[in-house]
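**Student:** Just passing along the structure, written as structure tokens.
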Amino acid sequence: DAGVIQSPRHEVTEMGQEVTLRCKPISGHNSLFWYRQTMMRGLELLIYFNNNVPIDDSGMPEDRFSAKMPNASFSTLKIQPSEPRDSAVYFCASSLGLVNEQFFGPGTRLTVL
Amino acid sequence: SQQGEEDPQALSIQEGENATMNCSYKTSINNLQWYRQNSGRGLVHLILIRSNEREKHSGRLRVTLDTSKKSSSLLITASRAADTASYFCATDGGSNDYKLSFGAGTTVTVRA
């Protein structure tokens, strides 16, 4: 099992640019979560999906952030336009059901200059 | 705001010693989970304990849960250098609120 796959692993971009982060959950998992981790705020849940449907996006900081899950094996998190304060490590996690253990990907380290 | 808060923030122990860290939370939960994060890596799930359970073991790990005090503890016995990592507790919001909130973590350093 390949685990949760995230791409890219590192992204450096300039303020104002669009950033798209990608996630492939573990095959068979039906719940997917996007988190952001910073030194100041720790690990924050941004949005989660169940059976490809967004359930709660209350953690999405601003309208500049959007997430989609077009099918069970792929999700994207988009930031448009990006700002320096968006710099963080973004994690995707998947699970079988909402109440079970979550499997995290390796994360995408985003730096917005 | 964070639901779970770990204590202490940092812990340094000698290899072979036990490490204990605590987690307190604010509202009712369905379950509580502990995760480990090595530097620069993603989180790895360690143990899930449900609200009707009081203690759970997994290898050298022992987790307790006291719902009356809204607290949990994670004990790592006979620590090894490879246990050096940050440890996080995560709680949901209870009932139908399945969002996980993570604490700030306890950074454990095991000295060889």
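The values are calculated or read from the model by the stated rules, or taken from the named source; none is laboratory data. Quantities reported herein were computed from a predicted structural model and do not represent experimental measurements. Cβ coordinates were reconstructed from backbone atoms using ideal geometry, including for glycine residues, and neighbour counts include every protein chain displayed. For accessibility, only protein heavy atoms count, side chains too; no ligands or nucleic acids. Shrake-Rupley method; radii C 1.70, N 1.55, O 1.52, S 1.80 Å.
**Student:** Suppose we flag trypsin sites (Lys or Arg not before Pro) only when DSSP calls them loop and at most 14 other Cβ atoms lie within 10 Å. Which is the longest uninterrupted stretch of chain A? Working shown, then result.
**Tutor:** Values: sites that count: A:ARG9, A:ARG41.
With a cap of 14 other Cβ atoms within 10 Å, the longest stretch comes to A:42-113.
**Student:** Also: Enumerate by residue number the GluC sites (Glu not before Pro) in segment A:1-84 meeting two conditions: DSSP loop (anything except H, G, I, E, B), and at most 11 other Cβ atoms within 10 Å of the site's Cβ.
**Tutor:** Working: sites: A:GLU11, A:GLU14, A:GLU18, A:GLU44, A:GLU62; in loops: A:GLU14, A:GLU18, A:GLU62.
Answer in residue order: A:GLU14, A:GLU18, A:GLU62.
**Student:** Still on this structure: Please identify, among B:SER28, B:SER79, B:SER95, the residue showing maximal mean-square fluctuation in a Gaussian network model of chain B using a 10 angstrom Cα cutoff.
**Tutor:** Answer for the Gaussian network model of chain B: B:SER95.
**Student:** Count, for each residue of B:72-78, the Cβ atoms from other chains sitting within 10 Å of its Cβ, then give me the mean as a whole number.
**Tutor:** 0
**Student:** Measure off 7 Å from each Cα along the Cα-to-Cβ vector at B:ASP7 and A:VAL99, then give the distance between these two points in nanometres to one decimal.
**Tutor:** So the two model labels end up 2.9 nm from each other.
**Student:** Which residues of segment A:84-107 bury at least 50 Å² of accessible area once all protein chains are present, versus their chain alone (1.4 Å probe)?
**Tutor:** By number: A:VAL99, A:GLU101, A:GLN102, A:PHE104.
**Student:** Please compute the per residue accessible area over the protein assembly as shown with all protein chains in place, 1.4 Å probe, rounded to a whole number of Å².
**Tutor:** Working: 10830 Å² over 225 residues.
That works out to 48 Å² for each residue.
**Student:** I would also like to ask the following. So if we plug the beta-carbon distance of B:SER51 and A:GLN80 into 1/(1 + (r/R0)^6) with R0 = 35 Å, what FRET efficiency do we get, rounded to 0.05? Before the final figure, lay out each step's value.
**Tutor:** Working: r = 40 Å, r/R0 = 1.15.
With R0 = 35 Å, the Cβ-Cβ based efficiency is 0.30.
**Student:** Can I ask one more? Let me know the charge dipole size of chain A about its Cα centre in debye, to the nearest 20, where only the beta-carbon of Lys, Arg (+1) and Asp, Glu (-1) is charged. Intermediate values should be presented prior to the final figure.
**Tutor:** Numbers: 10 positive and 12 negative charges, 43 e Å.
Value, rounded to 20: 200 debye.
**Student:** Which of the peptides B:4-11, B:70-77 is most tightly packed, and how do the rest follow, judged by the mean count of other Cβ atoms within 10 Å per residue?
**Tutor:** Values: B:4-11: 17.0, B:70-77: 19.4.
Answer by packing, highest mean first, reads B:70-77, B:4-11.
**Student:** Quick one: go through segment A:34-58 and flag any residue whose amide nitrogen is under 20 Å from the point 7 Å out along the Cα-to-Cβ line of A:SER7.
**Tutor:** Taking a point 7 Å out along Cα→Cβ of A:SER7, the residues of segment A:34-58 whose backbone N falls under 20 Å are A:34-35.
**Student:** Ignoring everything but the protein chains, give the 1.4 Å probe accessible area of B:VAL110 in square angstrom, nearest 10.
**Tutor:** Per-residue accessible area (B:VAL110): approximately 10 Å².
**Student:** Enter the mean number of other protein chain beta carbons within 10 Å of the beta carbon of each residue in B:97-105, as an integer.
**Tutor:** Mean shielding count: 6.
**Student:** Within the accessible area of the protein assembly as shown, what % is carbon and sulfur when the probe is 1.4 Å and the other protein chains stay in place?
**Tutor:** Numbers: 5180 of 10830 Å².
Carbon and sulfur: 48 percent of the exposed surface of the protein assembly as shown.
**Student:** Then there is this: Determine the distance separating the Cα centre of segment A:1-34 from the Cα centre of segment B:15-84; give it in Å without decimals.
**Tutor:** Result: 27 Å between the Cα centres.
**Student:** Still on this structure, I have one more. What does the structure give for B:43-49 when I average, per residue, the other chain Cβ atoms found within 10 Å of the residue Cβ? Intermediate results must be reported in sequence, preceding the final value.
**Tutor:** Values: counts 10, 3, 7, 1, 1, 4, 0.
Average neighbour count from other chains, rounded to a whole number: 4.
**Student:** Something else: Might you report the magnitude of the Cβ-based charge dipole of segment A:5-69 about its Cα centre, with Lys and Arg at +1 and Asp and Glu at -1, to the nearest 20 debye? It would help to have the intermediate numbers written out before the result.
**Tutor:** Values: 7 positive and 8 negative charges, 61 e Å.
Value, rounded to 20: 300 debye.
**Student:** Using only protein heavy atoms and a 1.4 Å probe, how much accessible area in total is buried between A and B, to the nearest 100 Å²?
**Tutor:** Values: alone 6250 and 6030 Å², together 10830 Å².
Summing both chains' loss of accessible area gives about 1500 Å².
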